[in-house]
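Comments concern the structure below.
Derivation of every value follows stated rules applied to the coordinates shown; laboratory data play no part. Since the model is a prediction, treat every value here as computed from it, not as a measurement. Positions of Cβ are generated from backbone atoms using ideal geometry, with glycine treated the same way; all protein chains shown enter the neighbour counts.
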Amino acid sequence: MVKERKKRVFVDMDNVLVDFESGLAQVSEEVKKEYEGRLDEIPGLFGLMNPMPGAIDAMHELQKHYDLFILSTAPWKNPSAWADKVKWVTLYLDDVFHKRMVITHRKDLCQGDYLIDDRGKNGTSEFAGEWIEFGSEKFPDWNSVLDYLIR
């Protein structure tokens, strides 16, 4: 008997799993001024961010029904961002995403059924599966995403 494959869901990090603004709030005004126009290049920034409201519980719920992966992009000129993202996942969601993380600037190259992302950049709008636009009118928060995918 062939086991049925769980549908695959990719989840973005910035402003989907993690609150980008919460990290910026912990950075001095002097540093923000130094990196003006390129705040995502601030070293260590991605390790300072808090989870988005409802994100942690939502990932535990989705894990019961789907094959989950993180699919994120890291700023090319901020090498610490790559490591900071892994540290964040290890701290908050290692039980869900242990060794289930893809960092790329071409999300369209990954094969899956759904991609939960807040922006259509880095291949998101070309993703072959369904793009669930987090933060949009249809999917303003994690409850709306869970309603669509599970309930």
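Loop-located GluC sites (Glu not before Pro) in region 45-151 (DSSP state not H, G, I, E or B) with no more than 10 neighbouring Cβ atoms inside 10 Å: Glu137. A simple packing score, the average count of other Cβ atoms within 10 Å per residue, orders the peptides 143-149, 14-20, 89-95 as 14-20, 143-149, 89-95, with the highest score first.
Taking a sphere under 15 Å around the Cβ of Lys6 and counting the other residues whose Cβ falls inside, with K and R at +1 and D and E at -1, yields a net charge of +2.
Whole-Hz Karplus values for region 83-97 come out as 5, 4, 5, 5, 4, 4, 4, 4, 6, 9, 9, 4, 5, 9, 10 Hz, taken residue by residue from phi with 6.51 cos²θ - 1.76 cosθ + 1.60 and θ = phi - 60°; glycine and proline positions read x.
Here the relative contact order of the chain, from alpha carbon pairs under 8 Å that lie six or more residues apart, stands at 27 percent. Judged by the mean number of other Cβ atoms found within 10 Å, the most tightly packed of the peptides 108-114, 67-73 leads the ranking 67-73, 108-114.
In region 44-79, which residues have a backbone nitrogen under 19 Å from the label point lying 7 Å from Lys32's Cα in the Cα-to-Cβ direction? Inside the label zone: 44-51. Summing Lys and Arg as +1 and Asp and Glu as -1 over all other residues whose Cβ lies under 12 Å from the Cβ of Ser144 gives a net charge of -2. Please report how far the C-alpha centroid of region 49-93 lies from that of region 116-134, rounded to the nearest whole angstrom. Taking the Cα centre of each part, region 49-93 and region 116-134 sit 16 Å apart.
Could you give log10 I(q)/I(0) at q = 0.15 Å⁻¹ for region 1-86, computed by the Debye formula over C-alpha point scatterers of equal weight, without solvent? The calculated log intensity ratios at q = 0.15 Å⁻¹ are -0.62.
Shape summary of the chain, radius of gyration then Dmax from alpha carbon positions: 15.6, 62 Å. Under 5 Å between amide hydrogens, built in the peptide plane, is the criterion, and for Asp19 it picks out Asn50, Met52 among residues at least 5 positions away or on other chains.
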